[in-house]
Amino acid sequence: MSTTTRTNPLSYLTDQMNELKAKGTHFRLRVLEDEQEAVCTFDGKKVINLASNNYLGLTTHPKLREAALEATKKYGVGSGAVRTIAGTMRIHMELEEKIARFKNVEACVVFQSGFAANAGTVSAILGKEDFIISDELNHASIIDGARLSRAKILVFRHKDVAHAEEQLASIKDQPGKKLVISDGVFSMDGDIGPLPGLCDAAEKYGAIMMVDDAHSSGVLGRNGRGTIDHFNVHGRVDVQVGTLSKAIGALGGYVCGSKDLIDFLYHRARPFLFSTSHPPSVAATCIAAFDVLEQEPERIEKLWENTRFFKKELGLIGFNIGGQNTPASETPITPIIVGEGRLAMQFSRELFDEGIMATGIAFPTVAEGKARIRTIMTATHTHDQLTQALQMLKRVGKRLGIVN
Ligand code: PMP
């Protein structure tokens, strides 16, 4: 055995974590001990859950649970390979066909996550001669996809269609392809992307139009068909991304579009080519979830009823829920903006002690000075639970001087 003492080559990571601790923005993972529900147990404490993307309560829906169990009995627990080798099961194809029908598009490809769908698609369809015109608040998976593509990235101010158009005009004589991309719903602020204006701009300059509907699938549009349906811009968005991990209740992401786009992604999208496909249980769960979207529209209605009530009451308490120097939420995602990261983390911790799970979010996930806790409504919160949560929020908000 060597007698020389080895210096730790990763000590710079420890230093960085110590810096976060000094800033008060270091976090510990909270551990869920039962089901992802409106009220559940994290770290041994029963809390009202305002942090989950389980918008429609589908994570525990009996039909989805049954579908997962049945598929496991019938097909086993894993797919055994990447899709292009031997990992395409009949049930994967059924899911893609189901989503394509639901979205009224020619075809669909399912990825292992929404992250993989965005990053894998943007990096596959663009190259280094091309341009991506991207909202400044687009999701990290879009940014990473853009970087991987090596396309030139032109960022436009949040939801500023005129600025997006300026960016397109500045490159109109360049030979490369142009892609305009926006989140349908922005994950940290809960506002909706200006799709009609962006579609107009993309059409004017012959650009490809792409939308990430992760937070709008199951939430906006007829039976949760997303922002494309909400704005009725069918046929004008070339690449529609969605996730199966939020309202759909399971895991995965998908891209909808033309047959040629999907065929191209089958051949070129790297997460599709190089990472194993979903277990059959996940595909079966998602198929059942799309049936539930059609069969139980009352879930979406309840989600919006809860959203309207909760937002109104938060505003009445005096919280900054966006709309001044930050975008105004229009969806079940409602941020409570407090400014400093340290305060957001303390707010989150003290809320937890009171009985609320609401995650503190600080730089770099949101801009410096715009730290917040993010609240998310679901269809399964009861009026009583929301009333209790509002009382707790008010109590802690007052104690910390966030509201008067
Ligand atoms: N896009 C947006 C806007 C998101 O908020 C998220 C989830 N954080 C994703 C994509 C990634 O989706 P998934 O969790 O399925 O990877």
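The values are calculated or read from the model by the stated rules, or taken from the named source; none is laboratory data. Computed from a predicted model, the values in this text were never measured in an experiment. Every residue, glycine as well, gets a Cβ built from its backbone with ideal geometry; the counts of neighbours run over all protein chains shown.
Here are the numbers for this structure:
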| item | result |
| --- | --- |
| Qualifying residue in region 70-92 (condition: touching a helix residue (DSSP H, G or I) at 6+ places or on another chain (Cβ under 7 Å) and either within 16 Å of the ligand (Cβ to nearest atom) or at pLDDT below 95 (or both)) | no |
| Check on A289, at pLDDT 95 or above and touching a Gly at 6+ places or on another chain (Cβ under 7 Å) | yes |
| Flag for S281 being surrounded by fewer than 21 Cβ atoms within 10 Å (Cβ to Cβ) and out of contact with any Pro (no Cβ under 6 Å at 6 or more places or on another chain) | no |
| Filter result (crowded, with 22+ Cβ neighbours inside 10 Å and farther than 21 Å from P332 by Cβ) within region 219-253 | V237, V239 |
| For G190: the one exception among (1) touching a Leu at 6+ places or on another chain (Cβ under 6 Å); (2) within 12 Å of the ligand (Cβ to nearest atom) | (1) |
| Selection from region 341-371 of residues that are out of contact with any helix residue (DSSP H, G or I) (no Cβ under 9 Å at 6 or more places or on another chain), of a type in the set (D, E, K, R) and not in a helix (DSSP H, G or I) | K370 |
| Residue within region 109-116 that is within 18 Å of I248 (Cβ to Cβ), away from the ligand (no atom under 16 Å from the Cβ), surrounded by fewer than 23 Cβ atoms within 10 Å (Cβ to Cβ) and aromatic (F, W, Y) present | no |
| Residue tally, condition closer than 30 Å to D291 by Cβ and more than 14 Å from the ligand (Cβ to nearest atom), over region 200-228 | 7 |
| Some residue of region 133-140 being crowded, with 22+ Cβ neighbours inside 10 Å, away from the ligand (no atom under 16 Å from the Cβ), hydrophobic (A, V, I, L, M, F, W, C) and under 28 Å from I373 (Cα atoms) | no |
| Qualifying positions in region 263-289 - assigned to a helix (DSSP H, G or I), within 16 Å of the ligand (Cβ to nearest atom) and out of contact with any Ser or Thr (no Cβ under 9 Å at 6 or more places or on another chain) | V282, T285, C286, A289 |
| Meets criteria (among the aromatic types (F, W, Y), under 15 Å from K159 (Cβ atoms) and away from the ligand (no atom under 16 Å from the Cβ)) for F231 | yes |
| Count of region 35-86 residues which are in contact with a Gly (Cβ under 7 Å, 6 or more places away or on another chain) and over 26 Å from I333 (Cα atoms) | 4 |
| When residues of region 9-39 are limited to those that are in contact with a strand residue (DSSP E or B) (Cβ under 7 Å, 6 or more places away or on another chain) and without any contact (Cβ under 8 Å) to a residue 60 or more places away in the chain, the one surrounded by the fewest Cβ atoms within 10 Å (Cβ to Cβ) | V31 |
| Members of region 373-389 that are buried (at least 17 other Cβ atoms within 10 Å of the Cβ), more than 19 Å from the chain's Cα centre (by Cα) and over 10 Å from I48 (Cβ atoms) | T380 |
| Residue in region 141-148 that is of a type outside the set (D, E), surrounded by fewer than 23 Cβ atoms within 10 Å (Cβ to Cβ) and within 14 Å of the ligand (Cβ to nearest atom) present | yes |
| Subset of region 238-262 that is in contact (Cβ under 8 Å) with a residue 12 or more places away in the chain and more than 16 Å from the chain's Cα centre (by Cα) - its residue that is farthest from the ligand (Cβ to nearest atom) | K259 |
